[in-house]
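One structure is given below, encoded as structure tokens.
The values are calculated or read from the model by the stated rules, or taken from the named source; none is laboratory data. All values derive from a computational prediction rather than experimental measurement. Positions of Cβ are backbone-derived with ideal geometry, glycine not excepted, and every protein chain shown enters the neighbour counts. The accessibility values were calculated without ligands, DNA or RNA, using every heavy atom of the protein model including side chains. Shrake-Rupley method; radii C 1.70, N 1.55, O 1.52, S 1.80 Å.
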Amino acid sequence: MATKVHMEALSPTMEEGRLVKWTKHEGDAVKSGETLAEVETDKAVMELVARADGQLIKVLAQEGATVPVGNVVAWIGKPGEKVDGAGSTEQGATKIEGTGSKEQGAAASKPTAAASAPPTRSQPAPPPSPAAAPAPADATRVKASPLAKRIAKDAGVDLKLVQGSGPGGRVIKRDVEAGTAQVQRPVPAPRSVLPAPSGAPYEDVPLTQIRKTIAKRLAASIGPVPHFFLTTEIDMERATEAREALNKQLGEEGDIIIKAVALALVRHRACNAWFQDDHIRYWNEVHIGMAVAIEDGLITPVIRNADTKSLSEIGAEARDLAGKARNRRLKPEEYTGSTFSVSNLGMFDIDQFTAVINPPEAGIVAIGSIAPKAVPDGERISVRKRLRVTMSCDHRVIDGATGAAFLKTLKQMLENPLAMLL
């Protein structure tokens, strides 16, 4: 019996994927676990792998097409086996963005110039179909172990899209872990370049997957999350001196600000928290999200257990993660699970700004540029290196005094860097 190939949720927040390249074509033999296609998710370019042995007997989506998670993009079966070209005799046609031809399946295995053109918007897709085979009799219920359910919930994985390998098709721990740890290849990121002026009044450029996700995440944050902002100014004379001295030893890898934020969160656990629907989760571990600008958006790699790492470890890890982010090579575990975030625009000579909270986190600090300023020093005026830091707080979790206490500790640490060594 032929097996459907579904567009899988290759990242915890993925709702649709763009088929960058088919690595297998119709008629090719495939084995379970082999790469079928490269898919651009909302965060990275990842691999869609086969879940069955056989032959790729039907391809339904062209390269360049945008496909909702759960929709069928191909079939694997025996040579000559007949299948429904729409994906399912019961579900009807699978609606896929960027595919206007009824013969899209045959065309998918033969890339053309049109295949790389920006996809056009089609009618809304039907609800995603379960990827598990065999599917449970009740589509709203999935047979899974309690541990698998808990791991899937924490990782944001839809169990209906995970194929179970346990007794009777039951989803177990290794199935969920396999679904959330897809291996990435170093595929160059699709470039989001504005077209050259054509003489027309304007040009319409389709949204990339990451830009779509940013739009949805911002709407889910700045609207429902009640933000308030606290700003403090920090004397960075000693921190700058310490950083310059450390850079001679660390090769400019240390990041004293991330370290200070992590240590301040240890003392103020009320800020190291997630807002959940019916509870607040206070974290005992400190995982710092580090906002990184990439060509077509923003992504936040995570430095895990930042409070326990040395400056050299933080600096080396930050540089590695930033490089992966810009090349769209981050793995899901490298950009999910942050408990608090840091956004730094100081390198762009921005004096001060406010950042949008990344739900479910309860806070984020915005770091401006370090600049010389005239400040009172007793009866005289002296020029000191100063830094303005603004904390965005979710008022459902953090009260004004709570956020202010955190910023006070952060300020003390950066003004007296030796305090971080105590």
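Assorted remarks:
- Separation of the alpha carbons by more than 26 angstrom is noted, of K4/K143; K259/K324; K58/K143; K78/K173; K309/K373, for K58/K143; K78/K173; K309/K373.
- Simple Cβ-charge dipole of the range 291-379, Lys/Arg +1 and Asp/Glu -1, about Cα centre, in debye nearest 20: 440
- Gyration tensor (alpha-carbon) shape descriptor, the range 356-403, a/c threshold 1.5: oblate
- For I57, net neighbour charge (Lys/Arg +1, Asp/Glu -1) across residues whose Cβ lies under 12 Å away: +1
- Summary of the geometry: the range 365-422 and the range 28-60, compared by the centres of their Cα atoms, lie 50 Å apart.
- Reduced Cα scattering model of the range 321-403, Debye log10 I(q)/I(0), q = 0.13, 0.16 Å⁻¹: -0.60, -0.80
- Accessible surface ranking that places the most exposed of I398, I294 first, with a 1.4 angstrom probe: I294, I398
- Measuring nothing but how far apart in sequence close Cα pairs (under 8 Å, 6+ apart) lie, relative to its length, the range 325-396 scores a relative contact order of 29 percent.
- Each distinct pair of alpha carbons in the range 259-344 adds a 1/r term; the inverse of their mean, the Kirkwood radius, is 13.4 Å.
- As a fraction of the 1.4 Å probe accessible area of the range 294-381, surface on carbon and sulfur atoms comes out at 50 percent.
- Sorted largest first, extent of the range 202-304 alpha carbons per principal axis (Å): 49, 43, 27
- Accessible surface for R211 stands near 100 Å², nearest 10, in the context of the full protein assembly shown (1.4 Å probe).
- Ranked by the mean number of other Cβ atoms within 10 Å per residue, highest first, peptides 313-323, 371-381 order as 313-323, 371-381.
- Solvent-accessible surface ranking, highest first, for H25, H6, H279 at 1.4 angstrom: H279, H25, H6
- When the convex hull of its Cα atoms is projected in every direction, mean area for the range 6-69 (nm²): 3.8
- K4 - accessible surface, heavy atoms, 1.4 Å probe, Å² rounded to 10: 70
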